Amino acid sequence: MEEKLEENSDDTHHLQLSVTPIRFEAVNQLTNVFFDDSNKDVFAVRSGGIMGVVVKNANEDISPLNFIMEDHGTVLSIKFSLDHKILAVQRSNNSVEFMNFIDNTLETEYSQCCKKNSNILGFVWSHLNEVAFITDHGIELYMVIPEKRTLKHLKTTSSTVQWFVWCSANKIALLASAHGSQLLPVYIKQGTINKFSKLETEPGRMALERDVTLATLYGVPAVLILRHQSGPGTAEVHIHTLSGLGQAPVKSHVLRLGLSGRFAINVVDDVVLVHHQASRSSLIFDTALTGESDGTVRYHTPIAPAKSFRPVKLVLPGLTEQQTHICELYSPNWVVFQPNIVIDAKLGCLWHISLCLTELCNQICDFGVCTQVALNRTNGKNVLLDLLLKTSKQEKLPLDKFQVSFNHINNVYRSWMESELQSNTASPPNIPIPPKSQITPRVLIDQNDIYNEMLQKLDPEKDLRKTEWLLTSYLTSLSEYNIPVQHILSELLVTTLARQKKITALQQLLQYGVISDSKQMACLLLSLGNMHPAATQMALDMLTRINALEEIQEILLSEGQVLAALKIADCNANPRKFLSIAEKYSDKTLFHSVLIHFKNNPQFASAFQKDERLVNFVQQYNTLFDEK
């Protein structure tokens, strides 16, 4: 059967479920459903496997698997190895069965028991052919040797364990003891098991397995613990980051929920989503934002009002006509997995959660916060540029907000510039260069983006003042972050000010270095000299600052200031050019001064002997002043 999900046009939702869910056989009297978090596989096991097992992956591009198992008892857990070549099934609390999987067929079973007097709480495939048994006495790590149909013991670590949480992305298990009041992170490296320091929690505070989430926040493994406080509406999520082995987990963030009840947590695109069942809504937090701080811990509130998912409808073909099923959002049957998976086993659906970033940004009141949120999202560039354009077209321009926004944008760009410089600079061999993926930010907005996607889309006639204000604000921000301003932006600002006859403002921007000195900019100022005579002097001042003597000389000559040009002329000056211009003004004194200057200078003696035109100037001089 085919089914289709109808999209909802409501644009006030921050979150949505995938348009086409992964469908699988729902839980019933004959079928049990399991989810493997490492491979993102959903197993529908019928009658213990004798009526078939169907495996569907959360990635719809991966083809389903179908096979039959012998019924050796109730299946407690079932998982494929990371390459889907070995199937592991747990049916008892002291052993796990393994079967090689070749051409959709299972080969003869082989099994592995845990240590004596231990009970298996669960198992995980930590690496390609390595499986870890988490028992109530610790962790046992084995290598599976499929060709020999046996397992080899690699490592055992002892610890009292009552329950555990596994993060497949970081290969970290969190072992809980003392009723959840003691939490021990463990990193299962290939062939070895490494313990972190114990996670320090409030004395006597227990944590339930359902209230603990292992995830990755901005590239750093983190433990998120839901804490139900004593008062109403005071639940919090405490985030402990795991910086590295040998370093104690640090409580770094607290998310203030302002609600009570049952919650579930996802981490999507590095924002923390806290789903609240009673209100059927989700809270969104971004730990990259500053928040309140006590020096160690940062306290965060939701970045936008709590909202529900977009409504979801499944349209199924019926015998006579299509049937529409409205899915219950925040159902008690929902189970969430990291980073962005929601499964309803009774409905037989697996969805992926995605952010509706445009809608989210529209709900964030603070423009600076909105900019930071967009800068940290994978698809935030177009959303942020659209938001800047939309805001720039408001009748009343919020300049202070734009300044904050530009500062955030340029802060990211400046950091990227420094990283690029560092990566392109020769480093000692013992200092590794970070890979490009760590250097390049998710959203990088440069001057071309601002010019093309915002400034060029303003009305060139009606929005002159807006263009001026935005440019001044943006260039000021670039200057603060020591980012060289591209000529195209400086040119736009100069012409915008000139068209409004704001010469004083232009002089101030030049004086304070908001508009950088360059030969290109001086030429532009010269071109405005006919409309605004002061522009010529500004051009000369600029060329003087950059010591562009040749260009200054050309300007002075073009304006007939021959003697002034002569003062800065060097040994490469062309006497013929100076004398030709002096001759045009019919000023005998001027002509005399120029000729004597060059004729009495030994550097130009040979030129007066070889250049026929210069000889003519000398003869003309002799005629004028009757010299023989």
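To keep it simple, each residue is scored yes or no on (1) modelled with pLDDT of 95 or more; (2) small (Gly, Ala, Ser); (3) touching a helix residue (DSSP H, G or I) at 6+ places or on another chain (Cβ under 9 Å).
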| residue | (1), (2), (3) |
| --- | --- |
| 151 | yes, no, no |
| 181 | no, yes, no |
| 191 | no, yes, no |
| 210 | no, no, no |
| 218 | no, no, no |
| 227 | no, no, yes |
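Comparison of 534, 582, 522 shows that the only residue that is in contact with a helix residue (DSSP H, G or I) (Cβ under 6 Å, 6 or more places away or on another chain), at pLDDT 70 or above and open to solvent by 30 Å² or more (accessible area, probe 1.4 Å) is 534.
When restricted to residues that are among the polar types (S, T, N, Q) and in contact (Cβ under 8 Å) with a residue 24 or more places away in the chain, the range 333-352 contains 2.
Is it the case that some residue within the range 314-332 is closer than 25 Å to residue 221 by Cα, open to solvent by 10 Å² or more (accessible area, probe 1.4 Å) and of a type outside the set (Ser, Thr, Tyr)? Checked against the condition, which is being closer than 25 Å to residue 221 by Cα, open to solvent by 10 Å² or more (accessible area, probe 1.4 Å) and of a type outside the set (Ser, Thr, Tyr), the range 314-332 yields no hits at all. Among all positions in the range 155-165, there is no residue which is touching a residue at least 60 places away in the same chain (Cβ under 8 Å) and open to solvent by 10 Å² or more (accessible area, probe 1.4 Å).
Within the range 269-280, restricting attention to residues that are touching a strand residue (DSSP E or B) at 6+ places or on another chain (Cβ under 9 Å) and surrounded by fewer than 21 Cβ atoms within 10 Å (Cβ to Cβ), the residue that is nearest to residue 340 (Cα to Cα) is 269.
Only one of the listed residues (151, 184) is assigned to a strand (DSSP E or B), hydrophobic (A, V, I, L, M, F, W, C), touching a residue at least 24 places away in the same chain (Cβ under 8 Å) and over 27 Å from residue 339 (Cβ atoms). That residue is 151.
Remark: pairs (first residue in the range 278-302, at positive phi; second residue of a type outside the set (Gly, Ala, Ser) and open to solvent by less than 40 Å² (accessible area, probe 1.4 Å); Cβ separation under 9 Å; 6+ apart in sequence or on different chains) = 280/309; 280/329; 280/330; 291/253; 291/254; 291/300.
Being touching a Ser or Thr at 6+ places or on another chain (Cβ under 8 Å) and outside any loop (DSSP other than H, G, I, E, B) is the filter here; which residues of the range 134-148 pass it? Talk me through it step by step, then tell me what you get.
Kept after step one, since they are touching a Ser or Thr at 6+ places or on another chain (Cβ under 8 Å), are these residues of the range 134-148: 135-141, 144.
Residues satisfying the conditions are 135, 138, 139, 140, 141, 144.
Of all residues in the range 118-125, at least one satisfies being open to solvent by 20 Å² or more (accessible area, probe 1.4 Å), within 18 Å of residue 34 (Cα to Cα) and assigned to a strand (DSSP E or B). Looking across the range 499-517, just one residue is of a type in the set (Ser, Thr, Tyr), within 34 Å of the chain's Cα centre (by Cα) and either at pLDDT 80 or above or surrounded by fewer than 17 Cβ atoms within 10 Å (Cβ to Cβ) (or both), and that is 512.
Considering the range 21-37, the residues that are surrounded by 18 or more Cβ atoms within 10 Å (Cβ to Cβ) and in contact with a Lys or Arg (Cβ under 7 Å, 6 or more places away or on another chain) include one that is farthest from residue 59 (Cα to Cα), namely 31. Among the candidates 297, 342, 335, the residue that is hydrophobic (A, V, I, L, M, F, W, C), under 21 Å from residue 214 (Cβ atoms) and buried (at least 19 other Cβ atoms within 10 Å of the Cβ) is uniquely 342.
Scanning the range 357-380 for residues that are in a helix (DSSP H, G or I) and either farther than 18 Å from residue 289 by Cα or open to solvent by 70 Å² or more (accessible area, probe 1.4 Å) (or both) gives 358, 359, 362.
The values are calculated or read from the model by the stated rules, or taken from the named source; none is laboratory data. Computed from a predicted model, the values in this text were never measured in an experiment. Counting neighbours? That spans all protein chains shown, and the Cβs are built from the backbone with ideal geometry, glycine included. Keep in mind that these areas ignore ligands, DNA and RNA; they rest on the heavy atoms of the full protein, side chains included. Shrake-Rupley method; radii C 1.70, N 1.55, O 1.52, S 1.80 Å.
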